[in-house]
Structures are given as C-alpha cells and as structure tokens.
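J.: Could you have a look at this structure, given as structure tokens, before my questions?
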Ligand code: FAD
Ligand code: SF4
Ligand code: SF4
C-alpha cells in the first residue's frame, strides 16, 4: 500500500469549512465551502484501504471508494474522476446531499476512536474539479440506433437512465410536466443543500449528448400514456411520489396551513428568478411570520431552514418523537439548530386556532411507549399535556405517497402494491405492462437520490436488453 495512505493516525477528520450561521442564513447558497486540493488529498489519505471496504458495501451505487480515495491522495484527480463517475451519474450531487452518516461514512471502519473518512466531501471535490478542468464530457455514443425510449420524469432516476441508454446509442426522449429538468433536485431540495446551477449543468450536458427533453409535458394529462407507448420501443416511468400526507383535526382547513412541497417549490422558483404569485402575496412566504413546521424528516428540515432564510420571526419544528428517533439526518438537525430553529420534541398537533386564518397550534406532549411490531417505539399523548404555540404559517411535512398512476395514465392493467407504488419485477424492473419499466421513488416510495440513480441505471440495462431482444425477434420474423 502506498506510504501515503493510512494517515488517520496522524491526521484528524476535517470537513470542508462551513459558513457561519449568522452569514449563511442571509442567503440560499450552499453552506459548505469547497475543499482546497491539499486538504482534500490529506483527507483522502486517511483511508486505510480496507480489504473488505464497508463504505463501498453500504453505498447504494457500490462506488469504488477506496480506489478513488487513493488516486485523490496521490493527486491523480482525473483518474479519480474516471473511477468515481464509472458507477455514479451525478457524483457531485451525491457528494453534497447523500446522508453519508447513514451510508458510506457511517460504515467507515478506520479504527475505533478515529472519525470516518470524509468520503462525500472528497467525491464532491473530485467531480467539481473535473468540471472545472473540462474532464466531464457529454455522452458520445459510438453508433446511433434506430430504437427509441420514452422516459416519464426528469428526476435523478429518469436522468440516470437517460444517460445510460444514450451512451448505448438509443434515441432518448425525456418527458416532464415541469418547465425545468431535475425533479426534486430542482424544485424540492433547497439551494443551501444543492445550488441549482449544479443541477442545470447536468441537464445541459445531457442535452449536448443528444437526450431530447419535452418539458411542460404532463403524461396522462395533455399527452396520453397510450400515445407515448406507441411512439417508443419502450417506456420508463420515473415520476416520483408527490401526494402529500395530510393532517386532520379541528381547524386543519384554515388558511395559512400549507403543504411542504408547495412551500419549497415556491421558494426554489423565486430563487431561480420566476415570479410566484403565492410567494409575492405572502401565502407561501415566511417573512415576518411565526412559523410552525410539523414533521421530523429531511423535508421538515428543509422547510425550517428555508423559513429562517426568508426572515421568519420565529421557526419551531414540532415532532412527536424525540431527537434520537427522528428520521431526518442529524447533520441537518445540527445545521438547523445553529441557524436558530427551535425543536419542540415529543409534541403533536391536536387542533389549529384562528378566525379564517391560522393564529395558533394547540399541541399535546407525547411520551415514548413500548416498541410496536416494527420494533419502533410507539408514541402516546400525556394526559393534560396540552399547550399552545403562536403560528401565522403552519407547514405540513408529513411525507409523501404515490399518485394513483393506473387512473392518471388510463391504464388499469398497471399493477400497484398495497402502498400505491408501481409493482415491478425485481430483476427486470418491468411493470405489468410489456415494455413499460419503472424506477425511483414511484417504485420504492419516498427514498433518496442515490437510490433513484441506482434504480435508473439498473432499469436502463434491462430496457436496453428488452429493446434489443425485440428488435432481433422482429428481424427474424420478417
Ligand atoms: P423525482 O425527483 O420526484 O422526479 C420525478 C419527476 O417526474 C418530476 O420532475 C415530476 O415533475 C415528473 N412527473 C411526475 N408525474 C409526471 C407526469 N404525469 N408527467 C410528466 N412528468 C411527471 N434525497 C437525498 O438523497 N438527499 C436529500 O437531501 C434529500 N432531500 C429531500 C428534500 C425534499 C424536500 C424532498 C421532497 C426529497 C428529498 N430527498 C432527498 C429525496 C429525493 O429527492 C428523492 O428520493 C428523489 O428525487 C427521487 O427521484 P425520482 O427520480 O424517483 O423522482
Ligand atoms: Fe457515499 Fe452517496 Fe457517494 Fe455512495 S454516492 S459514496 S453513499 S456520498
Ligand atoms: Fe477507507 Fe473507510 Fe472505506 Fe475502509 S471503510 S476503505 S477506511 S473509506
């Protein structure tokens, strides 16, 4: 092993510098600064090049992490980029927004007592450097094929599949109901986690490589799914999950109680320069308001931090379990706390007060009970534990379910699971309709970007095989 590695014994873990909370809460720019090359090389050299790299085992893309860490430590950045991009269509995006503490870094086994290698930050550094030096090139297929594939959804699953299929020479058409490419990368996730020019750069690269985007194309609405199937040799559905889980109780219909994704989309669009009426008239704008966000996942964290940046008077996050049991990433909770968000743990809303418009939330204190069948501790309200919080804006961040696609697409033969996600053969990714495949959140339920990329890549391999097999069969039949 190169002398250069195994430096964890003398070099402490260092993440890229984080902008001070007082500064970063004034804008929507990313909060982490770039690694400088010497620090990135030093941090990569902390890797002990494990024989069985648990980091790689726990990366959904099985990225060859030890190899690109070693190349980075040796200053061979172009080769590091080649290795890292061989398994990941968007390493710079995963490096920024993967919950590394639960995936690669959380499973880094340097040695007890030493902190993990900063894998995500190095991955981001390598790909950003590759872009800066012009090493990232658009796809150039060796030959053009006549067959075409239609992809519904320009989120990470659809984009990863598009790139993999285009590489092989297929004619790739991506349809999205939005006016921009990226799915939740562009309109869901805020700029302070992922700046939008990073997403737009990928969009433009795919276009340069010959992927054709049809934006403002609502499949099942203006454009029928049946017509789409007739136009292409195969179709991939990668539409994500967008039906917001709702909250009931007295007063839940009052004005000023809004779904998280509407709120985040209005903020992202405004920051991209669009005029958003509901932002301008204050409906989806936290400025000068007492804000209460309900939920404990990553979407809730994005809402509280967005509200801080919009100039809310106060921002509280209401979550029915405690900090240790919340689903959101601890890194994001810490960032939110630093920025001035107040967490009200073990509390659930019971009712909303107000005359036409919400003015307060009545909540009740909860305690954790015995584990249920899934092993998770149940939560129970504490008797007489009611209290009230002032609120002019309440944001519901309780998760998402899939829309009813068989009905939306007019395809009753499209099979769904009991959770409403699309059922696919787990080896071929094909749905119950021949030649129609599915990938990403619409199959898994709300998940992660890195899993969407993995599914998009796997589905693309199956689609290519299916289309080729069909083409051979039709030539043989002639
Ligand atoms: P999506 O990204 O949802 O893309 C689906 C696309 O399909 C959209 O562009 C949509 O417009 C389009 N579409 C839907 N229906 C139609 C139709 N009928 N016709 C045409 N187009 C259609 N994951 C992480 O790993 N890290 C994070 O930090 C993180 N933060 C998140 C924050 C928020 C607020 C949210 C909501 C999610 C977050 N996630 C995060 C999860 C992650 O964004 C998703 O798992 C991922 O984007 C799923 O990718 P996808 O391609 O399956 O779907
Ligand atoms: Fe870690 Fe995500 Fe990169 Fe895999 S893709 S190495 S999980 S940051
Ligand atoms: Fe290197 Fe940690 Fe992966 Fe081992 S687990 S190869 S030390 S990054």
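J.: Condition check: surrounded by fewer than 14 Cβ atoms within 10 Å (Cβ to Cβ) and not in a helix (DSSP H, G or I). Does residue 12 satisfy that? Give the derivation first.
T.: Values: surrounded by fewer than 14 Cβ atoms within 10 Å (Cβ to Cβ): yes; not in a helix (DSSP H, G or I): yes.
Answer is yes for this residue.
J.: Output the helices (runs of 4 or more DSSP H) that fall wholly within the stretch 45-98 and possess 2 or more residues being free of Cβ contacts under 8 Å to residues at least 40 places away in the same chain, more than 10 Å from ligand 2 (Cβ to nearest atom) and under 24 Å from the mean Cα position of the chain (by Cα), or say none.
T.: Details: elements: 54-57, 65-73, 77-87, 91-97.
The helices (runs of 4 or more DSSP H) meeting that bar are 77-87.
J.: Would you point out the residue of the stretch 408-424, among those that are loosely packed, with under 12 Cβ neighbours inside 10 Å and out of contact with any helix residue (DSSP H, G or I) (no Cβ under 8 Å at 6 or more places or on another chain), that is farthest from residue 316 (Cα to Cα)?
T.: In this case the residue turns out to be 418.
J.: Give the residues of the stretch 398-428 that are touching a residue at least 60 places away in the same chain (Cβ under 8 Å) and over 30 Å from residue 294 (Cβ atoms), sorted by residue number.
T.: 409, 410, 411
J.: If you don't mind, there's one more thing I want to ask. Report whether or not residue 177 is closer than 30 Å to residue 328 by Cα and in contact with a strand residue (DSSP E or B) (Cβ under 9 Å, 6 or more places away or on another chain).
T.: Values: closer than 30 Å to residue 328 by Cα: yes; in contact with a strand residue (DSSP E or B) (Cβ under 9 Å, 6 or more places away or on another chain): yes.
The answer is yes for residue 177.
J.: Next question. For residue 117, indicate whether it is within 16 Å of ligand 2 (Cβ to nearest atom) and within 24 Å of the chain's Cα centre (by Cα). Let's see the steps before the verdict.
T.: Details: within 16 Å of ligand 2 (Cβ to nearest atom): yes; within 24 Å of the chain's Cα centre (by Cα): yes.
In short, yes.
J.: Give the residues of the stretch 337-376 that are without any contact (Cβ under 8 Å) to a residue 12 or more places away in the chain and either assigned to a strand (DSSP E or B) or under 31 Å from the mean Cα position of the chain (by Cα) (or both), sorted by residue number.
T.: The first filter runs over the stretch 337-376 and keeps only residues without any contact (Cβ under 8 Å) to a residue 12 or more places away in the chain, leaving 337, 355, 369-375.
Of everything in the stretch 337-376, those that are without any contact (Cβ under 8 Å) to a residue 12 or more places away in the chain and either assigned to a strand (DSSP E or B) or under 31 Å from the mean Cα position of the chain (by Cα) (or both) turn out to be 337, 369, 370, 371, 372, 373, 374, 375.
J.: Is one or more of the residues making up the stretch 434-441 within 16 Å of ligand 2 (Cβ to nearest atom), in contact with a helix residue (DSSP H, G or I) (Cβ under 9 Å, 6 or more places away or on another chain) and in the same structural domain as residue 164 (by TED's automatic domain parsing)?
T.: Filtering the stretch 434-441 down to residues within 16 Å of ligand 2 (Cβ to nearest atom) leaves 440.
Remaining after also requiring in contact with a helix residue (DSSP H, G or I) (Cβ under 9 Å, 6 or more places away or on another chain): 440.
Now drop any that are not in the same structural domain as residue 164 (by TED's automatic domain parsing), which leaves 440.
Within the stretch 434-441, one or more residues are within 16 Å of ligand 2 (Cβ to nearest atom), in contact with a helix residue (DSSP H, G or I) (Cβ under 9 Å, 6 or more places away or on another chain) and in the same structural domain as residue 164 (by TED's automatic domain parsing).
J.: Turning to a different aspect of this structure: Considering only residues that are outside any loop (DSSP other than H, G, I, E, B) and at pLDDT below 95, which ones fall in the stretch 386-401? Let's see the steps before the verdict.
T.: Applying the first criterion (outside any loop (DSSP other than H, G, I, E, B)) to the stretch 386-401 yields 386-390, 393-396, 400-401.
Matches in the stretch 386-401: 400, 401.
J.: Only one of these is within 14 Å of ligand 3 (Cβ to nearest atom), surrounded by fewer than 24 Cβ atoms within 10 Å (Cβ to Cβ) and not assigned by TED's automatic domain parsing to the domain that holds residue 299: 109, 117. Name it.
T.: Numbers: 117 fails: surrounded by fewer than 24 Cβ atoms within 10 Å (Cβ to Cβ).
Only one candidate passes the filter, namely 109.
J.: Can you pull out every residue in the stretch 214-251 that is part of a loop (DSSP other than H, G, I, E, B), within 20 Å of the chain's Cα centre (by Cα) and over 30 Å from residue 292 (Cα atoms)? Don't jump to the end; show me each part of the working.
T.: Let us first name the residues in the stretch 214-251 that are part of a loop (DSSP other than H, G, I, E, B), namely 216-218, 220-222, 224, 232-233, 238-242, 245-251.
Subset that is within 20 Å of the chain's Cα centre (by Cα): 238-242, 245.
Residue satisfying the conditions is 238 alone.
J.: What single numbered condition from (1) touching a helix residue (DSSP H, G or I) at 6+ places or on another chain (Cβ under 7 Å); (2) surrounded by fewer than 13 Cβ atoms within 10 Å (Cβ to Cβ) fails to hold for residue 469?
T.: All conditions pass for residue 469, except number (1).
J.: In addition: Just checking, does the stretch 402-422 include any residue being within 13 Å of ligand 1 (Cβ to nearest atom), farther than 22 Å from residue 248 by Cβ and assigned to a strand (DSSP E or B)? Show your work before the answer.
T.: So in the stretch 402-422, the residues within 13 Å of ligand 1 (Cβ to nearest atom) come out as 402-411, 414, 421-422.
Still in the list and also farther than 22 Å from residue 248 by Cβ: 405-411, 414, 421-422.
Filter once more, so that each one left must be assigned to a strand (DSSP E or B): 422.
Within the stretch 402-422, one or more residues are within 13 Å of ligand 1 (Cβ to nearest atom), farther than 22 Å from residue 248 by Cβ and assigned to a strand (DSSP E or B).
J.: Quick one: would you say residue 167 is within 16 Å of ligand 2 (Cβ to nearest atom), surrounded by fewer than 24 Cβ atoms within 10 Å (Cβ to Cβ) and either under 23 Å from residue 429 (Cβ atoms) or under 24 Å from the mean Cα position of the chain (by Cα) (or both)? Walk me through how you get there before you give the answer.
T.: Values: within 16 Å of ligand 2 (Cβ to nearest atom): no; surrounded by fewer than 24 Cβ atoms within 10 Å (Cβ to Cβ): yes; either under 23 Å from residue 429 (Cβ atoms) or under 24 Å from the mean Cα position of the chain (by Cα) (or both): yes.
In short, no.
J.: If you take the residues in the stretch 26-44 that are in a loop (DSSP other than H, G, I, E, B) and crowded, with 19+ Cβ neighbours inside 10 Å, which one is nearest to ligand 3 (Cβ to nearest atom)? Let's see the steps before the verdict.
T.: At the first step, the residues of the stretch 26-44 found to be in a loop (DSSP other than H, G, I, E, B) are 26-31, 33-36.
Right, trim to crowded, with 19+ Cβ neighbours inside 10 Å and you get 28, 30-31, 35.
Numbers: 28: 31, 30: 23, 31: 24, 35: 16 Å.
So, considering only residues that are in a loop (DSSP other than H, G, I, E, B) and crowded, with 19+ Cβ neighbours inside 10 Å, the one nearest to ligand 3 (Cβ to nearest atom) is 35.
J.: Sticking with this one: Out of 54, 125, report the one residue that is out of contact with any strand residue (DSSP E or B) (no Cβ under 8 Å at 6 or more places or on another chain) and away from ligand 3 (no atom under 14 Å from the Cβ).
T.: Values: 54 fails: away from ligand 3 (no atom under 14 Å from the Cβ).
Of the residues listed, the single one that is out of contact with any strand residue (DSSP E or B) (no Cβ under 8 Å at 6 or more places or on another chain) and away from ligand 3 (no atom under 14 Å from the Cβ) is 125.
J.: Now for a different question. What are the residues in the stretch 283-315 that are buried (at least 24 other Cβ atoms within 10 Å of the Cβ), more than 19 Å from residue 184 (Cβ to Cβ) and in contact with a helix residue (DSSP H, G or I) (Cβ under 8 Å, 6 or more places away or on another chain), if any?
T.: Across the stretch 283-315, the qualifying residues are 286, 291, 294, 315.
J.: Same structure again: Residues 305, 321: which one is in contact with a strand residue (DSSP E or B) (Cβ under 9 Å, 6 or more places away or on another chain), farther than 30 Å from residue 432 by Cβ and in a helix (DSSP H, G or I)?
T.: Working: 321 fails: in a helix (DSSP H, G or I).
One residue alone meets the criteria, 305.
The values are calculated or read from the model by the stated rules, or taken from the named source; none is laboratory data. Since the structure is predicted, the reported quantities are computational estimates derived from the model, not experimental observations. When we count neighbours, we look across all protein chains shown, and the Cβ atoms used for this are built from the backbone with ideal geometry, even at glycine.
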